[in-house]
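Have a look at the structure below before the remarks.
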Amino acid sequence: MPSQNIYILGIESSCDDTAAAVICNGKILSNVVTSQKIHEEYGGVVPELASRAHEQNIVPAVHQALEKAGISKSELHAIAFTRGPGLMGSLLVGTSFAKSLALGLDIPLIDVNHMQAHILAHFIDEEGFEKPEFPFLALTISGGHTQIVKVTDHFDMDVIGETIDDAVGEAFDKSGKILGLGYPAGPVIDKLAKLGDPKAFRFPKPKVNGLNFSFSGLKTAILYFAQREFQKDPNFIKDNLNDICASIQYTIVGILMDKLKIASEQTGIIHIAIGGGVSANSGIREALINAEKTFGWTTYIPKFEFTTDNAAMIAIVGYLKYLKGDFADQKVIASARLKI
Ligand code: KG4
Ligand code: ZN
């Protein structure tokens, strides 16, 4: 731990949230997220609109983050930004902004992998939240990704399982679209599921080898189910919405937990962390807490504001890389398919 206070600005712009955060020695001083409402009317993120909105939001988001942290830009020690993976147009806005700011302030620039950041968000100093013990398994579940990652050290990570088609967040969102729930549907399904019977309807679980996932078959099964039942009774979905949502959530959580159990058995690792937007889901949170008793796991569930896309997680990676002197130069470019 350095003797002086190290201030780092984190910038996140990989998808449809423009975010900026300031961290001081591992503690978050501000965490600003500007969500883009424009995509709701299209039922999904429109890349071109996302990059235009980032362009508008980025300066106010950074201003707010500095203001809330109570520091000026001249006090910053480094600028950390999301290099990828994500939407290229969105990444370019954050990357160009971060490069210019670091150049203008003559301070180091730090490139961050968004998926590593979802995992390393667990290392933010936060009262009441313990940091995972190495090695641990991280289940990163979001609108763009579904991965099981073996984490041996902060920057020693191996993806041991991932989706071969849709991400789990897409499974929630696309199922919700079929049910007419708007976008993003994940939080709505979660809310309605609490009022329904998870075993009311059965949806098939995919048969995928090893630790990989597949969610596209589930989406199709839900579509056929909805069409079939609608033909018999046009009010079926409306009248059974809570039960349908509970059954979908139960199936998805089951798929995730099955693979996580195999991963734990294969690796012998019982420290399990989750990250990404879908880790806000109450079903997966409850299943993990139950697994502590059933399988003797120690589970790590992040603070809500650090689960969905945010810049605090970019700032903590920035801090960890700053301590190692791991900086990027001005030639660094955004990478839409950046791997862990
Ligand atoms: O990590 P995130 O904010 O953005 C991406 O990198 O994708 O994740 C967004 C995803 C969306 O698919 C959204 O529906 C899902 O997270 N999500 C949820 C919940 N809250 C957000 N899914 C299920 N239950 C929730 N409570
Ligand atoms: Zn994300």
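Against the criterion of being of a type in the set (A, V, I, L, M), at pLDDT below 95 and within 16 Å of ligand 1 (Cβ to nearest atom), LEU87 qualifies.
Against the list (1) open to solvent by 50 Å² or more (accessible area, probe 1.4 Å); (2) modelled with pLDDT of 95 or more, the condition PHE236 fails is (1). So GLN36 clears everything in (1) closer than 23 Å to ILE119 by Cα; (2) open to solvent by 10 Å² or more (accessible area, probe 1.4 Å) except one condition, right? Which one? Answer for GLN36: the failing condition is (1).
If only one of ILE333, ILE316 is over 30 Å from ALA193 (Cβ atoms), within 16 Å of ligand 2 (Cβ to nearest atom) and not assigned by TED's automatic domain parsing to the domain that holds PHE213, which one is it? Give the steps one after another, and end with the answer.
On the way: ILE333 fails: within 16 Å of ligand 2 (Cβ to nearest atom).
Of ILE333, ILE316, the one residue that is over 30 Å from ALA193 (Cβ atoms), within 16 Å of ligand 2 (Cβ to nearest atom) and not assigned by TED's automatic domain parsing to the domain that holds PHE213 is ILE316.
When GLU286 is tested against (1) more than 16 Å from ligand 1 (Cβ to nearest atom); (2) open to solvent by 30 Å² or more (accessible area, probe 1.4 Å), only condition (1) is not met. For the range 266-277, residues that are open to solvent by 20 Å² or more (accessible area, probe 1.4 Å) and either among the aliphatic types (A, V, I, L, M) or within 16 Å of ligand 2 (Cβ to nearest atom) (or both) total 2. Assessment of the range 259-269 against the conditions (away from ligand 1 (no atom under 14 Å from the Cβ), in contact with a helix residue (DSSP H, G or I) (Cβ under 8 Å, 6 or more places away or on another chain) and basic (Lys, Arg)) yields at least one matching residue. The set of residues in the range 46-76 being outside any helix (DSSP H, G or I) and buried (at least 19 other Cβ atoms within 10 Å of the Cβ) consists of LEU76 alone.
The values are calculated or read from the model by the stated rules, or taken from the named source; none is laboratory data. What you see is a predicted model, and the numbers here were worked out from it, not measured in a lab. With ideal geometry, Cβ positions are generated from the backbone for all residues, glycine too; neighbour counts draw on all protein chains shown. The accessibility values were calculated without ligands, DNA or RNA, using every heavy atom of the protein model including side chains. Shrake-Rupley method; radii C 1.70, N 1.55, O 1.52, S 1.80 Å.
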